[in-house]
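Q: Take this structure first; my questions come after.
Computed from the coordinates by the stated procedures, all read-outs in this text should not be read as laboratory data. Computed from a predicted model, the values in this text were never measured in an experiment. Glycine also receives a Cβ, built like all others from the backbone with ideal geometry; neighbour counts cover every protein chain displayed.
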Amino acid sequence: MITANAQSGNYTQAFALFQKLHVHGVLPNQIALVATLNSCLADHQVRSVHECAREIHCEHEKIVATALLNAYGKCGDLESAGAIFRGMEERDLISWTALITGYAQFGHSRQALDLYREMLMDGVSPSRITFLSLLSACTKLGSLREASLVHDHIRQSGNQQGLSIQNGVVCMYHRCGSVENAKLVFDAMPRRDVISWTSMIAAYAQSGSCDDAIRLYRRMELEGEKPNKVTFLAAMEACAKSLAPEEEAEALHRCVIESGLETDVVVATALVNMYGKSARTLGRAQEIFDGVEKRDNVVWNALIAAYAQHGCRDRALDLLEQMQRQSFESDSIVRNALMNMYGKCGCAEDALRLFEASPRLQNVISWNTVIAVHAQNGEHQRSMVLFHRMQLAGVPADRATLLTVLYACTNPAALRTGRIVRELATQRGYHHEVKFQTALVLMHAKCETLDAAVEVFESMHHRDTPSWNAMVAAYGYHACSLNGRWKESFKLLQQMQVDGAVPDTVTLVTVLSACAAGSAIAKGRAVHRFAAENGLMSDVAVANGVVDFYGKCGCLLEARAVLDKMAKLDEVTWNSLLAGYAQHGYGVETLEAFTEMQHRGYSANRITFMSVLHACSHVGLVAEGCKYFSSMIGDYGFQPIEEHCGCMIDLLGRAGHLSEAKMLLARMPFKPNLIAWMSLLGSCKVHGNLELGRDAALKVLEFDPENAAAHMLLSEIVT
C-alpha cells in the first residue's frame with residue numbers, strides 16, 4: 001500500500017500509512033522504507049524514517065542509504081545527506097548524482113563541482129542526470145571556466161545530443177556571460193523547442209544585444225514555434241532596452257493578446273516597462289496599467305519608474321501617493337528612478353531627502369544614484385561626503401561608485417578622496433581597466449598637476465577615444481597656466497588621429513578652449529576647418545566652442561558669422577558672442593546682441609548678465625547698467641553673485657558714483673572680495689576721493705597685507 005501510494009504520487013497518504021505501521025509496532029521492510037523516503041516532503045519526515053531504518057539495522061544497506069541520501073538532498077539537509085554519503089561502503093552513480101543534485105539544487109555550486117571531480121577520480125562516469133545538475137551548478141556559479149570544462153566533458157561523454165542537455169548548455173553559457181558560446185551551441189542544435197529559442201532570446205536581451213534578440217524572436221515565429229510567457233518577457237525586455245520602433249512593440253503586444261496573456265500581471269508589467277521606455281508611448285503604458293485588475297507592487301513600481309524616467313515629476317509623485325494609499329510599497333527601483341528624476345530637474349536636495357527617508361531600501365544602487373545625482377548637479381563636495389558615508393555604512397562600493405566619485409573629484413581639495421578611490425580600484429583589480437585609467441587622468445588633472453595626469457596616460461597599455469579625449473581635456477584645464485604647453489593639446493589632437501582614435505565633441509571643444517587661452521588663432525581656425533570638413537559643425541556644442549574661440553580671440557566678425565550659419569542655437573551660443581563683444585570693449589554691440597537674443601526667444605541667465613553688465617561698465621552706460629541689474633533680480637529672479645556686483649561697482653566707480661558703489665558693497669548678500677575693494681580703490685584714485693579711498697585701501701590690506709598696489713594707491717591718495 002505504501003509503495004502503491006508513493007508510485008501514484010499520493011505522498012501524504014504513503015507517509016501516513018508508514019506512521020500507522022510504526023504506531024502498531026509493525027516493522028517495515030526495505031521496500032516500504034524506500035517508498036516512504038521517496039514520499040517525504042520535509043526533513044523531519046526523513047529523520048523519522050531514518051530513525052526507523054536504524055532500529056531495524058538497515059540504514060547502511062545500499063538501497064536504503066541511497067534513498068536516505070536522495071531524500072535528505074531533496075529537503076535541503078545537505079549536511080545529513082553528506083554524512084550518509086560518506087558512510088556508504090559502496091557508492092555508485094546514483095548516490096554520487098543524488099548528492100551532486102542536492103548541492104546544485106540548493107545553490108552550493110562549488111561543492112557540487114568539487115564532488116563531481118571527486119566522482120571522476122573515483123572512476124565513476126557521469127550520466128545525463130549528473131550533467132543536468134552540473135549545468136545548473138555552473139549556471140548559478142557564473143564561472144565561464146567551469147562551464148567550458150563541464151561542456152567539454154559532455155561532448156567527450158557523447159551526451160551532447162539530448163535536447164534538455166543542449167538547452168541547459170545554452171542557458172549555462174548565457175548566465176556565464178558568453179553569448180558567443182551560447183549561439184554556437186544554439187546554431188548547431190538539430191532540433192529546437194520553445195525553451196531553446198527562449199534561452200537564446202533571453203541571452204541576447206540580457207547581454208544588451210537587443211536587436212539580435214528581436215530578430216531571433218521574429219525567426220522563431222517564422223519557423224512556427226509558438227512562444228510562451230517567458231519568451232514574451234524576454235522579447236519585451238529586448239524591445240524596452242533597444243527602444244525599438246513603436247511598430248515592433250505593437251506587433252509584440254498583439255501576439256501577447258492573441259496568446260491570452262495580457263491580463264497576467266507579470267506580462268502586463270513587462271508591457272508597461274516596454275512602453276514606458278519611450279516618452280511617446282507613455283500613454284500606452286498607462287492604458288496597460290489601467291487594464292490590470294489585480295495590481296501588485298511590481299506593476300505600480302514599473303509605471304511610476306516610467307514617468308520618473310521621463311521627468312514627469314507631478315504624475316510620478318501623484319501615482320506614488322495613490323500607491324501608498326492602497327497599501328503598496330515602492331521598491332528601490334522606483335526610489336532610484338525618482339532620485340534620478342529629481343537630479344534631472346536640478347533638485348538634488350529632494351533626491352537626498354527621498355534617499356534618507358528610505359533606509360530599508362538603501363543598497364549599492366541607491367547609494368550610487370544619490371552620489372551621481374549630486375555630481376551631475378555640480379555638488380561634488382556633497383558627492384564625496386555621501387561616498388564616505390557609504391563606506392561607514394558598510395556598503396561596498398562597486399565600479400559605478402568608484403567611477404562616479406572619481407569624476408566628482410574636481411579640485412585640489414578632493415585629491416585625498418581621489419587617492420582613496422584609486423587605492424580601492426587597485427585592490428579590486430579595476431585599475432587596469434581603460435575606464436578607470438581615463439577617470440584617473442581627469443582626476444589628477446583637476447585635483448593635482450598636469451604632469452600627474454600625463455603619467456597615468458602614458459602608463460596606459462590601451463587607449464580608446466575617451467582616454468585620448470580625457471588627456472586633451474587635461475591640457476584644457478591647465479591651458480591658462482602652462483606657459484606655452486597649451487600647444488600640447490593641439491598636438492594630442494593630431495596624435496590621436498594617427499592612433500586611430502576619433503576626436504569627439506569634448507575633444508574639439510577642449511582644443512578650441514586651449515587655442516583661445518593661448519590666442520592661437522591659426523590653430524583654432526584649423527580645428528574649425530576640421531570640424532566643418534567632418535560634418536561636426538551641426539553639433540551645437542562644437543559650434544558654440546568655435547563661437548567662443550573666435551570671441552575670446554577678438555575675431556568678432558567670424559564669431560558672428562558662425563552664429564548666423566548655425567541651424568540650431570542655444571543660450572550658450574549667445575552668451576559666447578556677448579562675452580566676446582564685452583571682453584573686447586564692444587559695449588554697444590553687446591547690448592544690441594542681447595536685445596536680439598531676447599527678441600528671438602532665448603532666455604538670459606546669470607552668465608548673460610555678467611557680459612551685459614561688463615559691457616555697460618566699459619562703455620560707461622550707468623543708467624542702462626542699473627536697469628539691467630535691477631531687471632536681473634526683479635524680472636528674472638537671479639540673485640547677484642560676486643561677478644555681477646563686481647561689474648556694478650566697477651561701472652559706478654568709473655562714472656564717479658563712489659557713494660553708490662560703497663552702498664552696493666555694504667548691501668551685497670555676501671562678504672565683498674578683494675577684487676571688489678580693489679576696484680573701488682582704483683576708482684577713488686581716479687576721482688580723488690581721499691576718505692573713501694583710505695577705507696577701501698584698508699579693506700584691501702585686510703585681505704592681503706603685502707598688496708603692493710594697495711600700499712601704492714593708498715600712498716598716492718594720502719599724498
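Q: How do Phe328, Phe629 line up, fewest other C-beta atoms within 10 Å first?
A: Phe328, Phe629
Q: Another question about this same structure. Taking a virtual spin label 7 Å from the Cα of Asn363 along the C-beta vector, which residues in region 320-353 bring their backbone nitrogen under 17 Å of it?
A: Under cut-off, by backbone N: 329-340.
Q: In region 317-335, whose amide N lies under 15 Å from the spot 7 Å out along Cα-to-Cβ of Val395? List them in ranges.
A: It comes to 331-335, nothing else.
Q: Calculate one ³J(HN,Hα) per residue across region 270-285 by plugging θ = phi - 60° into the Karplus curve 6.51 cos²θ - 1.76 cosθ + 1.60, and present them in order as whole Hz with x for glycine and proline.
A: For region 270-285, the Karplus curve yields 5, 5, 4, 4, 5, 6, x, 6, 10, 4, 5, 10, 4, x, 5, 4 Hz.
Q: Ok, one more. Please list 3J(HN,Hα) in residue order for region 116-130, calculated via the Karplus relation 6.51 cos²θ - 1.76 cosθ + 1.60 where θ = phi - 60°; whole Hz, with x for glycine and proline.
A: So the Karplus estimates, Gly and Pro as x, are 4, 4, 4, 5, 5, 5, 7, x, 9, 8, x, 9, 4, 5, 4 Hz.
Q: Also, quick follow-up: What FRET efficiency do you get for Asp296 and Ala251 if R0 is 35 Å and r is their Cβ-Cβ distance, rounded to the nearest 0.05?
A: The value I calculate is 0.85.
Q: Moving to a separate point now. HN-Hα J couplings of region 342-347 from phi, Karplus 6.51/-1.76/1.60, θ = phi - 60°, integer Hz, Gly and Pro as x?
A: For region 342-347, the Karplus-derived couplings read 4, x, 5, 7, x, 10 Hz, x marking Gly and Pro.
Q: If a/c stays under 1.5 just call it rounded; otherwise compare a/b with b/c (prolate if a/b is bigger, oblate if not). Do that for region 640-719, with a ≥ b ≥ c from the square roots of the Cα gyration tensor eigenvalues. Provide the component values of the computation, followed by the final result.
A: On the way: a/c = 2.09, a/b = 1.31, b/c = 1.60.
In terms of gyration-tensor shape, oblate.
Q: Once you order the gyration tensor axes a ≥ b ≥ c over the Cα atoms, which shape class does region 24-151 get: rounded for a/c under 1.5, otherwise prolate or oblate by comparing a/b with b/c?
A: Since a/c reaches 1.5 and a/b is larger than b/c, the shape of region 24-151 is classed as prolate.
Q: Please order His528, His462, His388, His153 by the number of other Cβ within 10 Å, starting at the fewest.
A: By the 10 Å Cβ count, ascending, the order reads His462, His388, His153, His528.
Q: Taking Cα atoms, how many degrees apart are the long axis of helix 30-39 and the longest axis of the chain, rounded to 10 and kept between 0 and 90?
A: Taking the Cα atoms of the chain, the angle to 30-39 is about 30 degrees.
Q: Return the loop-located chymotrypsin sites (Phe, Trp or Tyr not before Pro) in region 278-319 (DSSP other than H, G, I, E, B) with at most 11 other Cβ atoms within 10 Å of their own Cβ; answer none if there are none.
A: none
Q: Moving to a separate point now. Scanning the chain for GluC sites (Glu not before Pro) in DSSP loops with at most 10 other Cβ atoms within 10 Å, what's the longest stretch left with none?
A: In the chain, the maximal stretch lacking such sites is 294-705.
Q: Relative contact order (percent) for region 610-719, with alpha-carbon contacts under 8 angstrom and 6 or more residues of separation?
A: This gives 20 percent for region 610-719.
Q: To continue, here is another question. Once R0 is set to 25 Å, what does the formula 1/(1 + (r/R0)^6) return for the Cβ-Cβ distance between Ile641 and Lys344, expressed as a FRET efficiency to the nearest 0.05? Walk me through the numbers on the way to the answer.
A: Details: r = 24 Å, r/R0 = 0.96.
It comes to 0.55.
Q: For Lys565, give me every one of the aspartates and glutamates with a C-alpha distance below 13 angstrom, ignoring sequence neighbours fewer than eight places off in its own chain.
A: Cα-Cα hits under 13 Å: Asp539.
Q: Cα centroids of region 228-260 and region 265-295: how far apart, whole angstrom?
A: 12 Å
Q: Going by Cα centres, region 397-474 and region 188-223 are how many Å apart?
A: Here the answer is 39 Å between Cα centres.
Q: State, as an integer percentage, the relative contact order of region 458-602 based on alpha-carbon contacts under 8 Å between residues 6 or more apart.
A: 17 percent
Q: Roughly how far apart, in whole Å, are the Cα centres of region 606-661 and region 97-152?
A: 77 Å
Q: Let me ask something else. Among the trypsin sites (Lys or Arg not before Pro) in region 151-243, which ones are in a DSSP loop with at most 15 other Cβ atoms within 10 Å of the Cβ? Mind listing them?
A: Here the trypsin sites (Lys or Arg not before Pro) that fit, given the DSSP loop and packing criteria, are Arg191.
Q: Continuing with the same structure: For helix 450-459, what angle does its Cα long axis make with the longest principal axis of the chain, in degrees from 0 to 90 and rounded to 10?
A: Approximately 30 degrees, to the nearest ten.
Q: Something else about it: Is the C-alpha gyration tensor of region 179-240 telling us rounded, prolate or oblate? Criteria: a/c under 1.5 is rounded; beyond that, a/b larger than b/c is prolate, otherwise oblate.
A: Working: a/c = 1.75, a/b = 1.11, b/c = 1.57.
It is oblate, given that a/c is not under 1.5 and a/b is not larger than b/c.
Q: Could you name the aspartates and glutamates in cross-link range of Lys671, using Cα to Cα under 13 Å and dropping any fewer than eight places away on the same chain?
A: Correct list for Lys671: Glu642, Glu643, Glu702.
Q: Here's a follow-up. Please give the length that would be gained between Gln495 and Ser538 if that part of the chain were fully extended, namely 0.36 nm times their separation in residues minus their C-alpha to C-alpha distance (nm, one decimal). Please list the in-between numbers first.
A: Values: separation 43, 0.36 × 43 = 15.48 nm, distance 2.44 nm.
Length gained, Gln495 through Ser538: 13.0 nm.
Q: Starting from the Cα of Ala708, step 7 Å along the direction of its Cβ; do the same at Lys435; then give the gap between the two resulting points in nm.
A: 5.2 nm
Q: Excluding same-chain residues fewer than 8 positions from Lys229, which lysines have a Cα within less than 19 Å of its Cα?
A: The qualifying lysines are Lys241, Lys294.
Q: Quick one: work out Rg over Rh on the C-alpha atoms of the chain, Rh as Kirkwood radius.
A: My calculation of the ratio gives 1.12.
Q: When the dipole is taken about the Cα centre of the chain, and only Lys, Arg (+1) and Asp, Glu (-1) are charged at their Cβ, what size is it in debye, to the nearest 20?
A: About 360 debye.
Q: Suppose R0 equals 25 Å. What FRET efficiency, 1/(1 + (r/R0)^6) with r the Cβ-Cβ distance, do Arg117 and Arg54 give to the nearest 0.05?
A: On the way: r = 32 Å, r/R0 = 1.27.
Efficiency for this residue pair is about 0.20.
Q: On to the next question. Counting other Cβ atoms within 10 Å, which trypsin sites (Lys or Arg not before Pro) in region 568-664 have at most 13 and lie in a DSSP loop?
A: Lys568, Arg600
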